[in-house]
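Below is one structure, written out as structure tokens, with a few remarks after it.
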Amino acid sequence: MNAHQQFLLPALAISMYNIGLIVGAVWVAPNLPTDSGWFAYAASGDSNVYGLALGAILGAVLHLLIQVPGLVRVRARLRPTWAQVEGLGQVLRQMLPRMLGLAVTQLNFLVNLYFAGGMVTGSNTALNVAWFLMFFALGVIAQSAGTAVFPTLARLAADGDLKNFGARLTPVLGALLFLALPASVGLMVLGEPIVRVFLERSAWLPEATAGTAWALAFFAIGMTGHALLEVLSRAFYALSDTRTPVMVGVAALLSNIVLSAVFIRFIGDPTSLARGSFAGLALANSVTTLAEAAVLWWLLQRRVPALDSRVLVGRLGRMLAAAGLMGAVVWGVMTALSGAPTVVVVGACGVSGVVAYFGYFGAGAALRLPEALLIPRLLLRRRA
């Protein structure tokens, strides 16, 4: 469907999978017996953990079913055949490095788990929740852009049209920089009140909120790198090069291990959850991600000279200035309301954040950043 420029149903499929997980956790697990039947086991609580697994299966089925109408619409024909399919061997060869790349991504989680395992209780949870919150924002900004631009880049690469390849990729990277920087600043400033509103209840104490926001601030430093990687890696895939992103990713993984071991010795308090040493793991991830994105960008520039990197780098300072101004406004509001109830703080910061975000576009327009005008123009055209 993506090859046919159909993006809505594949995007909704991810939500359907999450709906399956929610159904499994909220309804199936509490109502599935623990003492009889196929899923019986010696449980200490009232909920059956197998309900979560059944929810994952339900989510996978919903993930597929919601896309079937789209397959019908593009007249996809799925049929068994013994005939040799043209290009299948190339696909399989290019899959192998991509599979290794996905494994490298998961190894980063094992690195964090290894180092955080010896830290104060709750460190690993704070890291995981902070990572999830960052990727929630990242999915809205970057993953959708990478998915949408990939079919066009693949077609241009197949046609050997590297001039238009670079011309299409340049504004996408500029838009990612323009959107990721304020999102990064916003997560740094508003991390603690956001975590407090959504998670601080029952066994989740204020110290856990502070620790999660602490980790989130360091993860947010690398958000721009994560956003760029979503598109830069797909640009290499469009060029039928799946090895380069993996090789750079392996180097980044090794660097992450070394920096993690160093940073946890100097950042934070090893006896505190609110300001724990696990923030060093988040910072190591951010530094290596930014470096990985920079290396891939440099390598891609050598392959695609039409990629106008100098113009984008020249705009980076103005983008940082506009994002910093937005963050200062929100920080000022939050500081002024420091003694108010959390709901009031979050509400006021949310309103000021929206106003400041629109102001960010205004500041970008005043600083003559094309992305400040391009993104609203595209949204208005889509609405029309």
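Values in this text are rule-based calculations from the coordinates and carry no lab data. Since the model is a prediction, treat every value here as computed from it, not as a measurement. No Cβ is skipped: glycine too gets one built from the backbone with ideal geometry, and neighbour counts run over all protein chains shown.
Quick notes on this structure:
- Simple label model, 7 Å out from Cα along Cβ direction - Arg265 to Ile14, nm: 3.8 nm
- Helical contribution to [θ] at 222 nm, DSSP H n ≥ 4, -39,500 (n - 2.57), averaged over the chain, rounded to 500: -25000 deg cm²/dmol
- Length released on extending from Leu21 to Thr81, taking residue separation times 0.36 nm less the Cα-Cα span: 18.1 nm
- Gyration tensor (alpha-carbon) shape descriptor, the range 75-159, a/c threshold 1.5: prolate
- Largest GNM mean-square fluctuation among Asn256, Asn112, Asn18, using the chain with Cα springs under 10 Å: Asn18.
- Each residue in Ile257, Ile194, Ile57 was given a count of other beta-carbon atoms within 10 angstrom of its own, and listing them fewest first yields Ile57, Ile257, Ile194.
- Dividing the convex hull volume of the alpha carbon atoms of the range 116-206 by its residue count gives 126 Å³ per residue.
- Neighbour counts of other Cβ atoms within 10 Å put Glu200, Glu230 in the fewest-to-most order Glu200, Glu230.
- Dipole of the chain, positive direction: furthest Cα of Gln84, Leu316, Val258, with charges on the beta-carbon: Gln84
- Here the range 1-77 is treated as an ellipsoid with the same Cα gyration tensor; its semi-axes, largest first and in whole Å, are 35, 11, 7.
- Dipole magnitude for the chain: computed about the Cα centre from +1 point charges on Lys and Arg Cβ and -1 point charges on Asp and Glu Cβ, it is near 1380 debye.
- Once exposed loop chymotrypsin sites (Phe, Trp or Tyr not before Pro) are cut out (DSSP; at most 11 other Cβ, 10 Å), longest piece of the chain: 83-265
- Trypsin sites (Lys or Arg not before Pro) restricted to the range 228-337 and DSSP loop, no more than 11 other C-beta within 10 Å: Arg265
- For the chain, the relative contact order works out to 17 percent when only alpha carbon pairs closer than 8 Å and six or more residues apart are counted.
- Between Gln301 and Val250, the modelled label-to-label distance comes to 2.6 nm, taking each label 7 Å out from Cα in the direction of the beta carbon.
- Residue order, fewest to most beta carbons within 10 Å, for His226, His63, His4: His4, His63, His226
- In this structure, Ala158 and Trp38 have a Cβ-Cβ separation that, at R0 = 51 Å, corresponds to a calculated FRET efficiency of about 0.55.
- Full-extension gain in nm, Arg73 to Leu199, via 0.36 nm per residue minus C-alpha separation: 41.2 nm
- When the alpha carbon gyration tensor of the range 1-132 is reduced to an equivalent ellipsoid, the three semi-axes, largest first, read 35, 25, 16 Å.
- Legend: calculated FRET efficiency, Ser144 to Ala3, from the Cβ-Cβ distance at R0 = 25 Å, rounded to 0.05, equals 0.90.
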